[in-house]
């Protein structure tokens with residue numbers, strides 16, 4: 001009886017084990033393929049974890065024409081085609097990160113006769129459609145021809161120049177071949193509320209001066225002819241905002257683009273309440289609008305501004321103290337601001353802040369001539385008349401009569 005029980009137990013145990021194994025096999029077979037399939041390989045594994053080692057990248061077009069070269073310098077990324085002017089990190093780094101993450105979806109043709117269909121033909125051909133990207137500074141440099149996007153637009157055809165095999169990537173890749181697009185395009189960003197005065201000098205000798213007092217919402221216009229009035233209270237505010245979010249379109253060394261010898265330039269001087277000064281000399285060259293910039297500080301104006309701010313801080317602090325003293329509910333006395341407790345240190349900090357704003361402007365401006373947006377140039381090409389309501393002619397004698405409101 002015991003013998004029979006032992007055999008029965010062994011049999012049941014074996015049957016149970018077989019059932020468990022069968023269940024595991026069936027369950028595994030029913031799992032979606034995506035859960036057990038390996039991820040697609042990276043297109044450029046040599047870039048993984050080596051982004052910060054990259055020293056340069058070059059984009060080459062048809063006929064082996066070098067179009068864009070961005071390289072690392074002491075001050076950051078610069079553009080070789082623009083004589084080392086700073087490049088836009090917002091263009092460079094996202095491209096490198098995208099390259100490091102892109103994966104290969106599937107093999108495409110290895111027949112060089114069909115490369116043109118995908119835009120991955122040899123870049124030395126004069127009519128090559130793709131762009132060759134070279135990435136240097138790595139132990140394993142990267143070179144890849146980036147061709148057309150797939151019909152569905154969710155991938156890009158690529159091929160390494162030394163490999164006959166072409167591929168379709170899992171995500172899109174694209175390159176910008178215009179050098180100007182790679183530039184750091186921010187020139188200045190000074191809020192209109194900081195501007196105290198703007199003076200324009202046109203080539204025809206006409207001058208336009210705008211000015212504000214502290215707290216004014218709109219710019220005043222000097223020398224308005226008698227009987228005339230502004231188009232609106234805010235008519236001059238657009239000119240006062242020229243330095244707010246100002247961007248370049250292109251750049252070249254100053255030696256390669258000098259102002260006209262005849263002196264026909266548009267000159268503008270922007271002065272802030274705290275003494276920062278930005279001067280612009282602009283001119284037309286063909287269909288382009290060029291300009292040079294200078295930045296500095298008006299010491300007298302900076303000093304007057306500091307004294308004014310310190311006096312205001314003292315008045316405000318004393319008023320607050322007086323109010324707290326007369327209050328029925330005692331409150332902890334707040335310490336005076338630095339402008340009151342230590343005017344000398346406050347002055348030093350204000351001047352240091354002004355200098356820290358001035359330094360990068362100088363670095364950006366000196367030695368360069370910029371191509372300016374057309375709307376910026378139009379702002380510099382204004383006279384008093386452009387800001388005034390037009391005059392009407394009388395029906396009787398044809399003489400001008402000021403419009404009444």
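Examine the range 178-185 for a residue that is farther than 30 Å from residue 305 by Cβ, part of a strand (DSSP E or B), in contact (Cβ under 8 Å) with a residue 12 or more places away in the chain and touching a strand residue (DSSP E or B) at 6+ places or on another chain (Cβ under 9 Å), and state whether such a residue exists. Checked the range 178-185: at least one residue is farther than 30 Å from residue 305 by Cβ, part of a strand (DSSP E or B), in contact (Cβ under 8 Å) with a residue 12 or more places away in the chain and touching a strand residue (DSSP E or B) at 6+ places or on another chain (Cβ under 9 Å).
Only one residue in 247, 347, 292 is under 36 Å from the mean Cα position of the chain (by Cα), at pLDDT 95 or above, surrounded by 13 or more Cβ atoms within 10 Å (Cβ to Cβ) and farther than 30 Å from residue 81 by Cβ, so which one is that?
The match here is 347.
Scanning the range 156-174 for residues that are assigned to a loop (DSSP other than H, G, I, E, B), surrounded by 16 or more Cβ atoms within 10 Å (Cβ to Cβ) and either under 27 Å from the mean Cα position of the chain (by Cα) or not assigned by TED's automatic domain parsing to the domain that holds residue 93 (or both) yields a single hit, 173. Filtering the range 52-61 to residues that are farther than 17 Å from residue 176 by Cα and touching a helix residue (DSSP H, G or I) at 6+ places or on another chain (Cβ under 9 Å) leaves only 54. Could you list, in sequence order, all residues of the range 59-79 that are within 17 Å of the chain's Cα centre (by Cα) and surrounded by 17 or more Cβ atoms within 10 Å (Cβ to Cβ)? Selection gives 70, 77, 78, 79. Checking each residue in the range 126-168 for being within 14 Å of residue 102 (Cα to Cα) and out of contact with any strand residue (DSSP E or B) (no Cβ under 8 Å at 6 or more places or on another chain) picks out only 154. Looking at 236, 254, just one residue is within 28 Å of residue 390 (Cβ to Cβ) and touching a residue at least 40 places away in the same chain (Cβ under 8 Å), and that residue is 236.
The values are calculated or read from the model by the stated rules, or taken from the named source; none is laboratory data. All values reported here derive from a predicted model rather than from experimental measurement. Glycine gets a Cβ as well: all are built from the backbone with ideal geometry, and neighbour counts include every protein chain shown.
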